[in-house]
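Below you'll find the structure, written out as structure tokens, and then a few comments.
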There are 2 protein chains.
Amino acid sequence: MSKRKQRFLRALGRSSEAVLRGMEAAAERPARLGYFIDLMRSVYVEDCLPQLPEEPAGRPGVVGLYCVMAPEELVYAAGALPLRLCGGSYEASCAGDELAPRDACPVVKASLGSTVLGAPSLYALCDMVVVPTTCDAKRKMAEELSRHQNVRVLEVPHVKESEGARRQWLEQLYGFKSDLERLTGNRIGRRGLAQAIALLGRARHQARRLYELRQGDLPAVRGSEAALALHAFAYDRAESWCEAMTLLNDEIAQRQADGRSAFDRRAPRIMLAGAPPVFPNWKLPLLIEEMGGMLVTDESCIGDRYLYDPVGAVENTMEDMMVALASRYLMPCTCPSFAPNEDRLFRLRQAVADFRIEGVLYHVLKGCVIYDFELLRVEALMAELGVPVLRIETDYNPEDIEQLRTRVEAFVEMIREKKRKGVGR
Amino acid sequence: MSKRKQRFLRALGRSSEAVLRGMEAAAERPARLGYFIDLMRSVYVEDCLPQLPEEPAGRPGVVGLYCVMAPEELVYAAGALPLRLCGGSYEASCAGDELAPRDACPVVKASLGSTVLGAPSLYALCDMVVVPTTCDAKRKMAEELSRHQNVRVLEVPHVKESEGARRQWLEQLYGFKSDLERLTGNRIGRRGLAQAIALLGRARHQARRLYELRQGDLPAVRGSEAALALHAFAYDRAESWCEAMTLLNDEIAQRQADGRSAFDRRAPRIMLAGAPPVFPNWKLPLLIEEMGGMLVTDESCIGDRYLYDPVGAVENTMEDMMVALASRYLMPCTCPSFAPNEDRLFRLRQAVADFRIEGVLYHVLKGCVIYDFELLRVEALMAELGVPVLRIETDYNPEDIEQLRTRVEAFVEMIREKKRKGVGR
């Protein structure tokens, strides 16, 4: 292993361990969260995937996925393991600096950095890497990645309502299915696909349960914890994740019945909107909670949006299932790479109601212009709903943490004050 | 007219007039360039379109176009006038600042600014505005524009080689054709479309003639002048432009035969690559020439790429013509919003050979991450060809001109020195 790679893995391990240890030590943390903390530790600190045999011989095909448009059901049905590759590490983003323009977003820089280093090793394991054509940076990243990996570009329409685009999207998924069959040598049959849809359906059911438990007045799980558990799905087998999540949900339900929570009742209910926090960049979720905010939900594609929407297959014919997958992975997605993207405002309005949101922290990842473009519209919506918005622009560099702390603290305090006065009235 | 709009038009007029007057005063400028200078003056200083009747009654439909993917042939065949709206004014980009994120590119900011102000008035004249889904910023801009204008989004595939995408692109053009027919009340017939293709063909023939004349050892037209003449096509009727361009080309040919040129033979032959300079942002073309560089070509979508590629219709059936248009407006386009975009490297290699390029000035417009992404690959190509590259990142703000002047001067001097030594050997 090269010196550079060793140094990188040590640094990545250190910063990841710091986040995980902090979460382990948190008061009133659900015991069952341990599974997810351990999984993230395996991937980011110990650099191994516990669900994969160490010997290449017995290993299933591994399919790396970017964004959330490639149906994991197809990967499972082909007997392969899907892993999500969008990068969240500061160290990796530094390694990717020389391969991307200064103004590219850190997700893309980190992904490029980890790919070129082959570290953590899940980046080196992939037999195929799927990159949807979501945003400019992901498309240009795909071009760069294809020098190092077997890249499969998935053409995602940008106008969801277009009839022609939807048909073409369905064709893309049929093409993806064929490519998976070629890669693994396994035919994706009707029965196998139905089983995979059912498997992911069980995972989504548990994710949905978590989502609903967190709508309670005093959730027994922190937002940073829930996000970590959901994020872990990216590196786990769906079966194992599902079991662990069932136990976690049971525990949370029990704790809520017992009135146990890490939050105090007066804590402002905060939503983290905008760009996704990708592990180990846990800066904002932890900061909100450290400053006394009750992070109740997010709209992250690797958080609360990851496993939210169900697949609506009715008849279980191959065509019906493929159409249902195409619909599930396109229509409910509220990534700002789509235009128009009114769906997102609809979802946000719903989340504000369901979670009784009192403040929105709007995360702009440096270089992600599309989330920043939609800020105006989100601000207008939140003004209508009487919910204050704080825009935070940052990247993976930990150096701005003190400055962010001050701003988040002031924001949380402002809402707390508003609440106090409201109660007094 | 609002105070703000008046102030804006005065400022726009002042900065545009400064550019045009400088070009008028330039030594050895072809006399026939006057037509194009006057046209740009009408649009940007006097705020009128000389080719349009002042009274709305006799006015044809006006179709505003962004980027270069919507076939102007269809607009002409519908009896309407196409105008290009991509904005190049600093004043307009300031007006658009509040509607776009800080890191959005100035093209989008200027376009938004001019739309909201309705100034210059060509932005207020459009009966329909066509926005292709090229890059993130254009897509989000389309969403914003649709609050003010009748916006028609044109879905452009991002993977040119994809069979399904090409079919969908053809369908998009059929849809665009229907929309134009509905807008104007004119049916686009086989004959009308063939005539429009022939009309644009004549314009392209003249653009191509200019392109080839400039490959001479000592071109009788400056790069800044050629770019202005091509740019003027955006606001002219194709017939008038074609006549004026024929005369300009005749004059240039004559001057070259007479050995007259504004350049001296030892001036380094420079290509302006990367993002397009959009009028009145003539900073870089003028700077290259001021510093003694011979700007011989660019790869701008509103410059040398604008009218370069022919439409390959053979049979003149409606289907054949539509397929030819779909192909012409997609396949040769080397906008970095496409991925993969190997075609661009092929074109650049060709241009270096055809124009005997000795240096490439690579223009990165602040916020245009995709051109910056491709810099690495262009640098590698140019290193192979032995051509030095200077990356210049700037926006429409004139304040960095002194700093840019120093850098461009050093670059031109470096090539001149290299040339001198090469000759001495």
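Please treat every number below as a calculation from the coordinates, not as lab data. As the structure is a computational prediction, the values presented were derived from the model and not from experiment. Methodologically, a virtual Cβ is constructed for each residue, glycine included, from the backbone with ideal geometry; neighbour enumeration extends over all protein chains shown.
For region B:220-302, just say rounded, prolate or oblate: build the C-alpha gyration tensor, square-root its eigenvalues into a ≥ b ≥ c, call rounded for a/c under 1.5, and beyond that prolate if a/b exceeds b/c, oblate if not.
Here region B:220-302 falls in the oblate category.
Could you sort the peptides A:402-411, A:70-79, A:208-217 by per-residue average Cβ neighbour count (10 Å cutoff), highest mean leading? The partial results should precede the final answer.
Details: A:402-411: 14.9, A:70-79: 25.9, A:208-217: 16.4.
For the peptides A:402-411, A:70-79, A:208-217, the packing ranking is A:70-79, A:208-217, A:402-411.
How large is ³J(HN,Hα), in whole Hz, for each residue of region B:75-82 in order, when computed from phi with the Karplus curve 6.51 cos²θ - 1.76 cosθ + 1.60 and θ = phi - 60°, using x for Gly and Pro?
Result, rounded to whole Hz: 5, 4, 5, 8, x, 10, 10, x.
Whole Å is fine, so just give me how far the alpha carbon centre of region A:271-291 lies from that of region B:41-96.
Here the answer is 46 Å between Cα centres.
For a quick protection proxy, order the peptides A:137-144, B:237-244 by their average other-Cβ count within 10 Å, most packed first.
Values: A:137-144: 24.9, B:237-244: 18.5.
Descending mean neighbour count gives A:137-144, B:237-244.
Quick one: grab the alpha carbon gyration tensor of region B:193-233, order the square roots of its eigenvalues as a ≥ b ≥ c, and give me rounded if a/c is under 1.5, else prolate or oblate depending on whether a/b is larger than b/c. If you can, show how the numbers build up before the last one.
On the way: a/c = 5.67, a/b = 2.04, b/c = 2.78.
Note, shape of region B:193-233 comes out oblate.
Amide H of A:V62 versus every other amide H placed in the peptide plane: which residues, excluding those fewer than 5 positions away on the same chain, fall under 5 Å?
For A:V62, whose amide H was placed from the backbone, the distant partners under 5 Å are A:L81, A:D127, A:M128.
Let me know the mean shielding of A:376-383 by other chains, meaning the per-residue number of their Cβ atoms within 10 Å of its Cβ.
On the way: counts 5, 2, 0, 0, 0, 0, 0, 0.
That works out to 1 on average.
Please give the charge dipole size of region A:3-186, origin at the Cα centre, charges +1 on K and R Cβ atoms and -1 on D and E Cβ atoms. Round to the nearest 20 debye.
Details: 24 positive and 24 negative charges, 83 e Å.
The dipole of region A:3-186 has a size of about 400 debye.
From the label point of B:M318, set 7 Å along Cα to the beta carbon, how far off in nm is each other copy's matching point, shortest first?
3.7
Report, for A:E54, each distance to the same residue's label point in the other copies, shortest first and in nm; define the point 7 Å along Cα→Cβ.
8.7
Which one, B:L193, B:I302, B:A77, is farthest towards the positive end of the dipole of the protein assembly as shown when Lys and Arg carry +1 and Asp and Glu -1 on their Cβ?
Towards the positive end, the residue furthest out is B:I302.
Across peptide A:97-106, what mean number of C-beta atoms from other chains lies inside 10 Å of a residue's C-beta? Don't jump to the answer; show the numbers that get you there.
Numbers: counts 0, 1, 2, 4, 12, 4, 9, 4, 1, 0.
If you average over the peptide's residues, the count of other-chain Cβ atoms is 4.
In whole angstrom, how far apart do the alpha carbon centroids of region B:178-250 and region A:158-234 sit?
Taking the Cα centre of region A:158-234 as reference, the centre of region B:178-250 is 50 Å away.
Calculate how steeply helix A:106-117 sits against the longest principal axis of the alpha-carbon atoms of chain A, using the helix alpha-carbon long axis, and give the answer as 0 to 90 degrees to the nearest 10.
40 degrees
Put the label 7 Å from Cα along Cα→Cβ for A:E212; what are its distances to the other copies, in nanometres, shortest first?
For A:E212, the inter-copy label distances come out at 7.3 nm.
So who's got an amide H within less than 5 Å of the one on B:L154, skipping anything under 5 residues away but keeping other chains? H placed 1.01 Å off N, in plane.
Here B:V131, B:T133 satisfy the definition.
Apply the a/c threshold of 1.5 to the C-alpha gyration tensor of region B:3-186 and tell me whether it is rounded, prolate or oblate. Provide the component values of the computation, followed by the final result.
On the way: a/c = 1.65, a/b = 1.41, b/c = 1.17.
Judged from the Cα gyration tensor, region B:3-186 comes out prolate (a/c at least 1.5, a/b above b/c).
Once amide H atoms are placed 1.01 Å from N in the peptide plane, what residues at a sequence separation of 5 or more from A:G312, or on another chain, have their amide H within under 5 Å of its amide H?
The list, which skips near neighbours in sequence, is A:R328.
Test of understanding: what is the full-extension gain from B:L376 to B:Q254, defined as 0.36 nm times their sequence separation minus their Cα-Cα distance? List each step's numbers first, then the result.
Details: separation 122, 0.36 × 122 = 43.92 nm, distance 4.06 nm.
Result: 39.9 nm gained on full extension.
On average, how many beta carbons from a partner chain sit within 10 Å of the beta carbon of a residue in A:158-167? Write out the running numbers ahead of the final one.
On the way: counts 9, 7, 0, 0, 6, 3, 10, 7, 1, 4.
Per residue, the average neighbour count from other chains is 5.
Under the rule of -39500 (n - 2.57) per DSSP H run of 4 or more residues, summed and divided by the residues of chain B, what mean residue ellipticity at 222 nm is obtained, to the nearest 500 deg cm²/dmol?
On the way: 16 runs with 223 residues, N = 425.
Theoretical 222 nm ellipticity from helices: -17000 deg cm²/dmol.
Putting +1 on Lys and Arg Cβ atoms and -1 on Asp and Glu Cβ atoms, find which of B:L173, B:A220, B:L375 reaches farthest to the positive end of the dipole of chain B.
B:A220
Placing +1 at every Lys and Arg Cβ and -1 at every Asp and Glu Cβ, with all other atoms neutral, what dipole size does the protein assembly as shown have around its Cα centre, in debye to the nearest 20? Write down the numbers at each step before the final one.
Working: 114 positive and 118 negative charges, 103 e Å.
Using Cβ point charges on Lys, Arg, Asp and Glu, the protein assembly as shown gives about 500 debye.
With only Lys, Arg, Asp and Glu charged, each at its Cβ (+1 for the first two, -1 for the last two), find how big the charge dipole of chain B is about the Cα centre; round to the nearest 20 debye. Show your work: numbers first, answer last.
Numbers: 57 positive and 59 negative charges, 77 e Å.
Rounded to the nearest 20 debye, it is 360 debye.
Work out the count of Lys pairs in region A:3-186 where the Cα-Cα distance is under 25 Å, with the pair 8 or more places apart or on different chains.
Pairs that pass both the separation and distance tests number 11.
Hey, what did chain A get for relative contact order, percent, Cα under 8 Å, at least 6 apart?
Values: 688 pairs, mean separation 74.0, N = 425.
Normalised by residue count, the contact order of chain A is 17 percent.
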